[in-house]
Amino acid sequence: MRDIASRWLFGASIVAIATGGIHNIANAQTAVTPPKRGAELRVEQGRDPSQPTGALNATQVAEQGVSDQDIVVTGVRESLRSAQALKRNANQIIDSVQAQDIGKLPDANTTEALQRITGVQIQRRYGEGATDFDHRTSPAITVRGLTQVQNFLDGRAIYSASGGRAFDLEGIPPELLGGIDVYKNAPANIIEGGVGAAVNLRTRLPFDQPGQTISATLRGNYYDRVDKFGYSASGLYSNRFDTGIGEVGVLFNAVYSTAHYRQDGILSNPQNPIPAGSISGAPANARAPMGLQVYDDLGDRRRLGIASAIQWQAADNLLITGQYQLAKYWFNRRGAYYYTVNGGSESNPLPGAAFTFNKEGYATSGSLRQQNFETGRFDQQLWSQSQNFTLAAEWQATDRAKVHFDAQYLKSYYNADRNGHVLSLFTAAGQNTPTGSPHPSIIDFDLRGKRPQWDVRDKALLSNPANYTTPFIADALQRNDADTLALAYDIEYDLEGGFLQKLRGGARYSDNSIDLRGTWNGVCLYATGPDPSCSAKDGTPLIPLSRNPQLAMPGPSKNFFDGRTVTGGFLYPAFPAGDGVWAQTKALYALFGAKTKDAFTAGDLNSQTEKTYTVWGAADYEFAAGDVRFDGGVGVRLVKTDLTSFGTQFNSNGTSSPLAIQNSYTRALPSVNLRARLTEEFQMRFAYSKGLARPNFDQLSTNLTLNNPNQINPITGRPSANSGNPRLRPIASDNFDLTAEWYFAPTGSLTGGLFYKKVDGFLASGVIVQNFQGRAYDVNTVLNSGSGTVKGAEIGYQQFFDFLPGILSGFGMQANYTYVDSNVTNPFAVAGSGNTQLPLEKLSKHNYNLIGLYEKGPLTARLAYNWRSSYLDQTFGAGTNQPQYAKPYASLDASVSVNVNSHIAVSADAVNLTNRMNVTYIGTLGQPLQYQLNDRRFGLSIRATY
């Protein structure tokens, strides 16, 4: 009887936590009356000061005969139980990932943890779930195929200062988080901004724990390809105190981590037709690569995260919560390339060489002649920071009325230094293959087998410094700042009985400011001196590397692509010594008498202010029809957006003038949620909402350049201009969901859903006609020009097999599958190209997760397999008028943890166990573009909790 009561108490507690936590994402995570110490079972660790307690999982609790009320239960089983309760009891469609313990999300990267949720797909860059350095405004995740995902931190809207709308998820240490929620069909109370979904990162609060909690974790990682070690250290202190002014809780959580990566890449240039008769027995449609390349990328990351909070129960009906969160991120990258520079429209096969072709006519092995090489190195140093200051008050005004006030100030910066340095085997300006080159090579390549490979026949040619020149250097700066002030006021009123259960409403004001600053400066180097215009006459000598031999380093990296490509080595550019990228860049420029661009000019600057005014209202209802209970909500969110973008107009005569362009729009966003509880275990939901996603800040830039009015487009009869577009309207979506959910055990469920999205206003480059100075111009800009649909299905299953005997009862399983089909207008399509409709970029049609679990006694283990089908990577890639796709990709990860005693746990994990190769291709699988290998990551950690 005691067991049954304990289980019931545990389940009821989880439901209470869940319903309290998700009731209103627009609010802070507070409850008017916090739980008393020791009175409620918690998923997180903690202890009553009068009770010895520790970190045991559910099985250990049962085996040791410890009362549930005397222990705080942690582990995989309880994280699944909590996430399932959250999903089951939510008044909307939600999926979650819960931390297994303090400082322990299931994955070692915040982005990677999200891939376990149905409908979520991630990008992998530089050895982790991350976005590309050169596309920081593009999020690392998509939800149901859409990248326009709103980001929250404890229910408050956040974004990074990169120029996009997303928060830099890879920059926040996962050790700070208690869980992550994905809201897939947002009701009226959720802050607008995403047409794909909303992702909420949850940190901890002191009243989440029943008493004092002290936890520390040390972790070491080994990255096998770069052959380096990284580490992380995290600590948390939380406690509650009875004082003369009411109960006060404090929490401080801090994390510092370092990581390394190496990313090996082989690129096959687009395949062009071969000269007629050049290869005996070649098919009529034979093509061969225009050259091959090496892409050798390595670097490191550092993260500093802080989450602190203070809560004060000022009165029985008043709770005040203040929070401060810091996410600081450093990313250093050395991107080195060795590439062919070949002109012409035909490939250049070696006469008499043996070739193989696939059935589509593309060469899979062979030899190329007259291959001319250059090598470039582009170092990048990024450092960014976001600070979030919040204050919330929740007041139980009457027995029925609850009022919530929330204030937020978000301050961010995003800084980056970049450079470029090229070495060339050409010796004079204007040299190319047709005019003759001094150091041509013969390439032998083979794209068949498990790993591609290529090499040159004259191995000494590429590693001899005497053959190289230094033709080009570059520098770039980025210094962005953003801040947000947001104020929210919400009220809810409980109605006693009847059809209507609760009335809710609120208002929100936000004031966003962002300053975008960025330069790009390139200088060509000739024997006659540096030339930023790169206008030297053909034949002008380039500067030999022998004048500055220190500007070269051997490449590629050790055991590059398993050691079978360019086995004789070659040279990469090197930079003079200096403290950081910018110091090295300035030292490089000084060697050649050139100057970096150290100051921002008018064309490098754009400032924007964006104010939003929101009111919303919702009614929650409940009724019964026979034995079926129904509940849900109906609401609407009314949002007004006022934007002003400040920039400069540059005239063709060299004059300029300031610009300030305003844009204002108002949108009504209705929502409906209906849940039918057909039995105690089985329920169905229907949801509809309208969403919006505002354009990225960098797309709203105002700077305008008017080109020479006498240079007329012969087709339109108008001169041209270039500009951003602050008049863009938001992307809009209509979202429909239908789900079925069967909860047959506390950690057992089978759920499925269908979804459909109709999206309008996708952004793409285009031309509009505008009048300036009394004349019409063709303005190249960004337009709302695309629409499309996204539809699909999701299914998820999880269960621990408690019915099995003995140690087998510790086994469990999670599995989910997502099917997404998208169809959107291709604004870049060329007539007759057949590419007028395409799927969304970064979206796989099929995606699944298979996760094997084990938790018994002190042992917890997890084996996770994630697979996604091929997807459109870029609408046009590698400089061709063809889509660029990625082949299917899979990752196998594993972890095991042992509780040494009630306070100490030791864990080991591994990521990318199968060493899977990423492959992209142009148009068809027969024309591969890039092959990529990343590190396998092996980690070991020890965690102590008291």
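The values are calculated or read from the model by the stated rules, or taken from the named source; none is laboratory data. Here the structure is a predicted model, which means the values were calculated and not measured. Positions of Cβ are backbone-derived with ideal geometry, glycine not excepted, and every protein chain shown enters the neighbour counts.
Under the condition of being touching a strand residue (DSSP E or B) at 6+ places or on another chain (Cβ under 8 Å), surrounded by fewer than 16 Cβ atoms within 10 Å (Cβ to Cβ) and outside any strand (DSSP E or B), the residues counted in region 233-274 number 1.
Across region 280-326, which residue is nearest to Phe405 (Cα to Cα) among those that are among the small types (Gly, Ala, Ser) and in contact with a Ser or Thr (Cβ under 6 Å, 6 or more places away or on another chain)? I'd like the intermediate steps shown before the answer.
If we filter region 280-326 for residues that are among the small types (Gly, Ala, Ser), which is where we start, we get 280-282, 284, 286, 288, 291, 299, 305, 307-309, 314-315, 322.
Then drop every residue that is not in contact with a Ser or Thr (Cβ under 6 Å, 6 or more places away or on another chain), which leaves 288, 291, 307.
Details: Ala288: 65, Gly291: 62, Ala307: 21 Å.
Looking at residues that are among the small types (Gly, Ala, Ser) and in contact with a Ser or Thr (Cβ under 6 Å, 6 or more places away or on another chain), I get Ala307.
The criterion of at least 3 residues that are at pLDDT 90 or above is met by the following strands (runs of 3 or more DSSP E) wholly inside region 836-946: 846-856, 859-868, 889-899, 904-911, 918-922, 928-934, 937-945.
The residues listed here are Ser437, Ser510; of these, the one that is polar (S, T, N, Q) and within 30 Å of Gln371 (Cβ to Cβ) is Ser437.
When Gly603, Gly654 are checked against the criterion of being more than 24 Å from His421 (Cβ to Cβ), in the same structural domain as Ser689 (by TED's automatic domain parsing), without any contact (Cβ under 8 Å) to a residue 12 or more places away in the chain and surrounded by fewer than 16 Cβ atoms within 10 Å (Cβ to Cβ), a single residue qualifies: Gly654. Among the residues making up region 298-339, those that are surrounded by 17 or more Cβ atoms within 10 Å (Cβ to Cβ), more than 30 Å from Pro554 (Cβ to Cβ), under 28 Å from the mean Cα position of the chain (by Cα) and of a type in the set (Ser, Thr, Tyr) are Ser308, Tyr329. Considering region 170-185, and only residues there that are in contact with a Gly (Cβ under 8 Å, 6 or more places away or on another chain) and not basic (Lys, Arg), the residue that is farthest from Ser607 (Cα to Cα) turns out to be Glu175. If the condition is being in contact with a Lys or Arg (Cβ under 8 Å, 6 or more places away or on another chain) and of a type outside the set (D, E, K, R), then region 755-776 contributes Phe755, Tyr756, Gly761, Val769, Ala776.
Among the candidates Leu763, Leu728, Leu783, Leu754, single out the residue that is touching a residue at least 12 places away in the same chain (Cβ under 8 Å) and surrounded by fewer than 16 Cβ atoms within 10 Å (Cβ to Cβ). I'd like the intermediate steps shown before the answer.
On the way: Leu763 fails: surrounded by fewer than 16 Cβ atoms within 10 Å (Cβ to Cβ); Leu728 fails: surrounded by fewer than 16 Cβ atoms within 10 Å (Cβ to Cβ); Leu783 fails: surrounded by fewer than 16 Cβ atoms within 10 Å (Cβ to Cβ).
Answer to the selection: Leu754.
One line per residue, one yes/no per condition, for (1) touching a residue at least 60 places away in the same chain (Cβ under 8 Å); (2) charged (D, E, K, R); (3) more than 17 Å from Pro174 (Cα to Cα):
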position: Asp224; (1), (2), (3): yes, yes, yes
position: Leu236; (1), (2), (3): yes, no, no
position: Arg240; (1), (2), (3): yes, yes, yes
position: Thr243; (1), (2), (3): no, no, yes
position: Val248; (1), (2), (3): yes, no, yes
position: Val255; (1), (2), (3): yes, no, no
position: Thr258; (1), (2), (3): no, no, no
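Taking Thr528 as the residue in question, decide whether it is closer than 30 Å to Ala618 by Cα, of a type in the set (Val, Ile, Thr) and assigned by TED's automatic domain parsing to the domain that holds Val403. For Thr528, the condition - closer than 30 Å to Ala618 by Cα, of a type in the set (Val, Ile, Thr) and assigned by TED's automatic domain parsing to the domain that holds Val403 - is not met. Here's a check for you: in region 502-529, which residue that is surrounded by fewer than 17 Cβ atoms within 10 Å (Cβ to Cβ) and touching a Gly at 6+ places or on another chain (Cβ under 9 Å) is farthest from Arg418 (Cα to Cα)? Ranking the qualifying residues of region 502-529, first place goes to Leu503.
Hey, any hits in region 426-443 for a residue that's in the same structural domain as Leu542 (by TED's automatic domain parsing), within 38 Å of the chain's Cα centre (by Cα) and either modelled with pLDDT of 95 or more or buried (at least 20 other Cβ atoms within 10 Å of the Cβ) (or both)? Outline the logic, then answer.
Looking only at region 426-443, we keep the residues that are in the same structural domain as Leu542 (by TED's automatic domain parsing), and these are 426-443.
Next, from what is left, pick out any that are within 38 Å of the chain's Cα centre (by Cα): 443.
From the residues that got through so far, the ones that are either modelled with pLDDT of 95 or more or buried (at least 20 other Cβ atoms within 10 Å of the Cβ) (or both) too are 443.
Among the residues of region 426-443, at least one is in the same structural domain as Leu542 (by TED's automatic domain parsing), within 38 Å of the chain's Cα centre (by Cα) and either modelled with pLDDT of 95 or more or buried (at least 20 other Cβ atoms within 10 Å of the Cβ) (or both), which makes the answer yes.
Based on what the data block shows, is Phe331 within 24 Å of Thr924 (Cβ to Cβ) and of a type in the set (Phe, Trp, Tyr)? So Phe331 fails the test. The residues of region 397-425 that are buried (at least 19 other Cβ atoms within 10 Å of the Cβ) and free of Cβ contacts under 8 Å to residues at least 60 places away in the same chain amount to a single one, Leu425.
Could you run through region 679-712 and say how many residues are assigned to a loop (DSSP other than H, G, I, E, B), surrounded by 15 or more Cβ atoms within 10 Å (Cβ to Cβ) and over 33 Å from the mean Cα position of the chain (by Cα)?
Narrowing region 679-712 to residues assigned to a loop (DSSP other than H, G, I, E, B): 679-681, 694-696, 701-703, 707-712.
Cutting the leftovers down to surrounded by 15 or more Cβ atoms within 10 Å (Cβ to Cβ) gives us 694-696, 701-703, 707, 709.
Pick out the ones that are also over 33 Å from the mean Cα position of the chain (by Cα) and you get 707, 709.
The qualifying residues number 2.
Here is the figure for region 53-109: residues that are at pLDDT 50 or above and of a type outside the set (A, V, I, L, M, F, W, C) total 23. Going residue by residue through region 473-488, is there one that turns out to be outside any strand (DSSP E or B), touching a residue at least 12 places away in the same chain (Cβ under 8 Å) and either buried (at least 20 other Cβ atoms within 10 Å of the Cβ) or not hydroxyl-bearing (Ser, Thr, Tyr) (or both)? Within region 473-488, none of the residues are outside any strand (DSSP E or B), touching a residue at least 12 places away in the same chain (Cβ under 8 Å) and either buried (at least 20 other Cβ atoms within 10 Å of the Cβ) or not hydroxyl-bearing (Ser, Thr, Tyr) (or both). The number of residues in region 166-207 that are aromatic (Phe, Trp, Tyr) and part of a helix (DSSP H, G or I) comes to 1.
Here Ser347 clears all of (1) farther than 30 Å from Ala286 by Cα; (2) outside any strand (DSSP E or B); (3) not aliphatic (A, V, I, L, M) except the condition numbered (1).
When you look at Phe600, is it over 30 Å from Leu500 (Cα atoms) and in contact with a Lys or Arg (Cβ under 7 Å, 6 or more places away or on another chain), yes or no? Taking the combined requirement at face value, the residue satisfies it.
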